[in-house]
1. Tell me the label-point distance for the pair residue 15, residue 188, using the 7 Å Cα-to-Cβ offset, in nm and rounded to one decimal.
2. Apply the Karplus parameterisation 6.51 cos²θ - 1.76 cosθ + 1.60, with θ equal to phi minus 60°, to every residue of the stretch 149-160 and state each ³J(HN,Hα) to the nearest whole Hz, in sequence, with x for glycine and proline.
3. So what are the ³J(HN,Hα) numbers for the stretch 181-193, from phi and the Karplus equation (6.51, -1.76, 1.60; θ = phi - 60°), rounded to whole Hz, Gly and Pro as x?
4. From the phi of every residue in the stretch 61-74, what ³J(HN,Hα) in whole Hz does the Karplus formula 6.51 cos²θ - 1.76 cosθ + 1.60 yield, where θ is phi - 60° and glycine or proline is x?
5. How many nm is it between the label spots at residue 90 and residue 7, if each spot is 7 Å from the Cα in line with the beta carbon?
6. Test of the criteria: in the stretch 94-197, which GluC sites (Glu not before Pro) are in a DSSP loop and have at most 11 other Cβ atoms within 10 angstrom of their Cβ?
7. Determine the shape class of the stretch 68-159: with a ≥ b ≥ c the square roots of the Cα gyration tensor eigenvalues, call it rounded for a/c under 1.5, and otherwise prolate if a/b is greater than b/c, oblate otherwise.
8. Just to confirm the filter: which trypsin sites (Lys or Arg not before Pro) across the stretch 90-149 are DSSP coil and have at most 12 other Cβ within 10 angstrom of their Cβ?
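What follows draws every value from the coordinates through simple rules; no lab data is involved. None of these values were measured; they are calculated from a predicted model. Glycine gets a Cβ as well: all are built from the backbone with ideal geometry, and neighbour counts include every protein chain shown.
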Amino acid sequence: MKTVSLEESVAMIPDGASLMIGGFMGVGTPERVVDELARQGKRGLTVIANDTATPGRGIGKLVTAGAVRKAIVSHIGLNPETQQKMIAGDIEVELVPQGTLIERLRAAGYGLGGILTPTGVGTAVEEGKRKIEVDGAPYLLETALGADFALVESFLADYEGNLVYALTARNFNPVIAMAARTVIVDAANIVPVGMISPDHVVTPAVLVDYLVAHR
């Protein structure tokens, strides 16, 4: 694990990269990293997250900045700008049922090829997907979903990269930390090694590649 500046953490993300971003309606999203993505003018990004937050918050800032080419999310209902850009053809949106989305990410993190789920059977969701019968019941095969980078927010980190999350800000963050090739963490508080009890570690340091330094 390496500690880097905010600017360095974003500079390593190329245009066209796929990003998993933690957060639920902006709660648990690494806002500093998102702001820096917009400031550096990144383009053509595929964003994988629960949602696109709201205008002016979290992933909504990337939508406004024109950084997002495709969003793979469970809903866009709180961001009218995402809706408008989808209708205009400026952003491709792939809507995935929330439980299916998190399980596809988890499958990638665990090295699985995918999951079987009954969600979406008999609806438009099943179009183009394999249907598998198990004990007489139909399931859809949903493939694992990985990404180039995971942008994670934590409440607490030590200088080895062990992470602790705060309440509901935990949400997708521990799962995306397992599912992406490179993990960048922005922690609200960074403490010396040994200050976090091993029993309290949620994401172990072995999963973290870069920790964003405080100014």
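1. Going from the residue 15 label point to the residue 188 one covers 3.6 nm.
2. Values, residue by residue: 9, 10, 9, 10, 10, 10, 7, 9, 9, 9, 6, 9 Hz.
3. Working through the residues one at a time gives 5, 10, 10, 10, 10, 10, 9, 5, 9, 10, 10, x, 4 Hz.
4. In residue order, the calculated couplings are 5, 5, 4, 4, 6, x, 7, 9, 8, 9, 10, 10, 9, 8 Hz.
5. 2.9 nm
6. On the way: sites: 94, 103, 126, 127, 133, 142, 153, 160; in loops: 127, 160.
Listed in order of number, the matching sites are 127.
7. Numbers: a/c = 2.39, a/b = 1.18, b/c = 2.02.
Oblate, because a/c is 1.5 or more while a/b does not exceed b/c.
8. Values: sites: 104, 106, 129, 130, 131; in loops: 129, 130.
Those satisfying the criteria are 130.
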